[in-house]
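Written below as structure tokens is the structure these notes are about.
Quick note: the coordinates plus some simple rules give every number you see, no bench work behind them. All values reported here derive from a predicted model rather than from experimental measurement. We place every Cβ from the backbone using ideal geometry, glycine too, and count neighbours over all the protein chains shown.
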Amino acid sequence: MKKLLKIGAGLAVLGLLAAVYIWFFVYNKPHRDYEKADADFIVSAEKIYNQYSGGDSQSKKYLDKVIQIEGIPSYIESTDSTVIVVFAFSSGMFGDEGIRCTMLPNQFDRTRSLSLSENISIKGYCAGYNGTDVILEHCSLVNN
Amino acid sequence: MKTLKLTIAILILAATTTYGQRYITKTGHIWFHSEAPLETIEAHNNQVNSALDLTTGAFVFKVLMKSFIFEKALMQEHFNENYVESDKFPNATFQGKVTNIDDIDFQKEGSYDAEISGELTIHGITNKVDANGTFDVHPDMIAGTSKFTLLIADYNISIPGAVAGKISEEIEINVDLKLKELKK
């Protein structure tokens, strides 16, 4: 009987631990730390845009990956809640087309003070191509 | 020869005045809200493409599904992988019209009610959608807002029984745009 109780208690503790684990690490797991993540691909802004806009099958490899792009930004767009770095290479029905990088909130100040004549590197999660632009999310500036 | 040049010039002018009044944004904000007994879910997308033709009322949206950011990473994964299947259907689109465009004076500052009607495509399924919204006309931009609900079943999105208590059958969609004139 005692043994049975011990087994029961052991199982209960294990179950509780599993529940805690699932709660913290599965259900509430945080977003990946894209700022610290290593880039899966390092590519020039113009090249990745051309691959996506030209329908190059090579562009498929970037989706869902951490991409580091390099180039001279065209301008910075700020809205109430976001700061976006734009690399423009073409234009269409919605205006400029290129690469649009949504910056992480801790990057807003540094991004707003960027010089628009220098080559920069930006790293972020590649959300894909919306028919006009390549979209990167959770972006940060890479020191160089 | 001179008359020919003049005719061409007039034709070009006519064409540009008809299609000239296009207002656009690439930083449109769309967020949705699902309220179920066990959980409230919200996701935001700040990179929405939209264009409005002030003359014809033609109104379009293009939304990259993977740009929706959720509070919880796991929800974002489930949304993309299981519900809207973003790899197969990367974009949602709306193509429609502001049906009462003639009632809105875009030359005069103020707030105007808008009636919007068109076709919304999500998860590869297209449905007719009618929504009400507001256009606030400012000197340098037009702010557009709208709120409407859609049924996830209409878009062939199935929610497994295990999480049914966490996801509402009815999703509230909010749209917030700051449209600026497209300079050519």
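Summarise the partner chain shielding of A:92-102 as one whole number: the mean count of Cβ atoms from other chains within 10 Å of each residue's Cβ.
Values: counts 3, 8, 11, 10, 3, 2, 0, 0, 7, 1, 6.
Partner Cβ neighbours, averaged per residue: 5.
For the peptides B:65-71, B:112-118, A:127-133, what is the packing order when you average, over each peptide's residues, the other Cβ atoms within 10 Å and list the highest mean first?
Values: B:65-71: 20.9, B:112-118: 17.4, A:127-133: 23.7.
Result, highest mean Cβ count within 10 Å first: A:127-133, B:65-71, B:112-118.
With +1 on each Lys and Arg Cβ and -1 on each Asp and Glu Cβ, how big is the dipole of chain A about its Cα centre, in debye rounded to the nearest 20? Please list the in-between numbers first.
Numbers: 14 positive and 16 negative charges, 257 e Å.
Value, rounded to 20: 1240 debye.
How many Cβ atoms of partner chains, on average, are near each residue of B:42-52 if near means within 10 Å of its Cβ? Write out the running numbers ahead of the final one.
Details: counts 0, 0, 2, 4, 9, 12, 1, 10, 1, 4, 0.
Mean shielding by partner chains, rounded to a whole number: 4.
P(r) for the protein assembly as shown, please, calculated from all Cα pair distances in 20 Å bins and given in %.
The calculated distribution, bin by bin, is 27, 51, 17, 4, 1, 0.
Considering amide H positions built from the backbone, and no H for Pro or chain starts, which residues 5 or more places from A:S74, or on another chain, come under 5 Å of its amide H?
Placed amide hydrogens put A:V86, A:F87, A:A88 under 5 Å from A:S74.
Taking chain B as the reference, fit the longest principal axis to its C-alpha atoms, fit the long axis of helix B:2-19 to the helix C-alpha atoms, and give the angle between the two in degrees, 0 to 90, nearest 10.
Result, in degrees: 30.
Tell me the relative contact order for chain B as a rounded percent, counting alpha carbon contacts under 8 Å between residues six or more apart.
Values: 394 pairs, mean separation 42.8, N = 184.
Rounded, it is 23 percent for chain B.
So which cysteines in chain A don't have a second cysteine's C-beta under 4.7 Å from them?
Here A:C126 come out as lacking a disulfide-compatible partner, given the Cβ-Cβ threshold of under 4.7 Å.
Could you pull out every one of the aspartates and glutamates with an alpha carbon less than 15 Å from that of A:K47, ignoring same-chain neighbours closer than 8 positions?
Filter leaves A:D56, A:E70, A:E97, A:D133.
So what's the convex hull volume per residue for the Cα atoms of chain B, in Å³?
Values: hull volume 25.6 nm³, N = 184.
Once divided by residue count, the hull of chain B is 139 Å³.
Residues of the stretch B:42-56 with amide nitrogen under 18 Å from the 7 Å Cα-to-Cβ point of B:K180?
Counting only backbone N, you get B:46-54.
What 222 nm value per residue comes from the helices of chain B, counting each DSSP H run with n ≥ 4 as -39,500 (n - 2.57) and dividing by all residues, nearest 500 deg cm²/dmol? Kindly include the intermediate steps, with their values, before the conclusion.
Values: 2 runs with 24 residues, N = 184.
Calculated at 222 nm, the ellipticity per residue is -4000 deg cm²/dmol.
Evaluate peptide A:127-136: per residue, the Cβ atoms of other protein chains within 10 Å of its Cβ; return the mean as an integer.
6
For the stretch A:39-125, which trypsin sites (Lys or Arg not before Pro) are in a loop by DSSP, counting at most 14 other Cβ atoms within 10 Å? Provide the component values of the computation, followed by the final result.
Details: sites: A:K47, A:K60, A:K61, A:K65, A:R100, A:R110, A:R112, A:K123; in loops: A:K65.
Here the trypsin sites (Lys or Arg not before Pro) that fit, given the DSSP loop and packing criteria, are A:K65.
Which of these, A:D40, A:D64, A:D109, has the largest mean-square fluctuation under a Gaussian network model of chain A (Cα springs below 10 Å)?
Largest GNM mean-square fluctuation: A:D109.
Highest GNM mean-square fluctuation, chain B, Cα pairs closer than 10 Å: which of B:A43, B:A143, B:A162?
B:A162
If one computes the Cα centroid of the stretch B:27-45 and of the stretch A:1-71, what distance in Å separates the two points?
Their Cα centres are 21 Å away from one another.
What ranking, highest mean first, results for peptides B:90-96, A:27-33 when packing means the other Cβ atoms within 10 Å averaged over each residue?
On the way: B:90-96: 19.1, A:27-33: 12.4.
Going from most to least packed, we get B:90-96, A:27-33.
For chain A, find the longest principal axis of its Cα atoms and tell me its angle to the long axis of helix A:2-21, 0 to 90°, nearest 10.
The answer is roughly 10 degrees.
Return the single residue from B:L64, B:L38, B:L54 with maximal mean-square fluctuation; model: Gaussian network over chain B, springs between Cα atoms under 10 Å.
B:L38
Of the listed pairs A:K123/B:K178; A:K65/B:K178; A:K60/B:K72; A:K61/B:K66, which have alpha-carbon separations greater than 23 Å here? Mind showing how you got there, number by number?
Details: A:K123/B:K178 27 Å; A:K65/B:K178 30 Å; A:K60/B:K72 26 Å; A:K61/B:K66 15 Å.
With Cα atoms farther than 23 Å apart: A:K123/B:K178; A:K65/B:K178; A:K60/B:K72.
What is the ratio of the Cα radius of gyration of chain A to 2.2 N^0.38 Å, with N the residue count, to two decimals? Intermediate results must be reported in sequence, preceding the final value.
Values: Rg = 21.8 Å, N = 144, 2.2 N^0.38 = 14.5 Å.
That ratio works out to 1.50.
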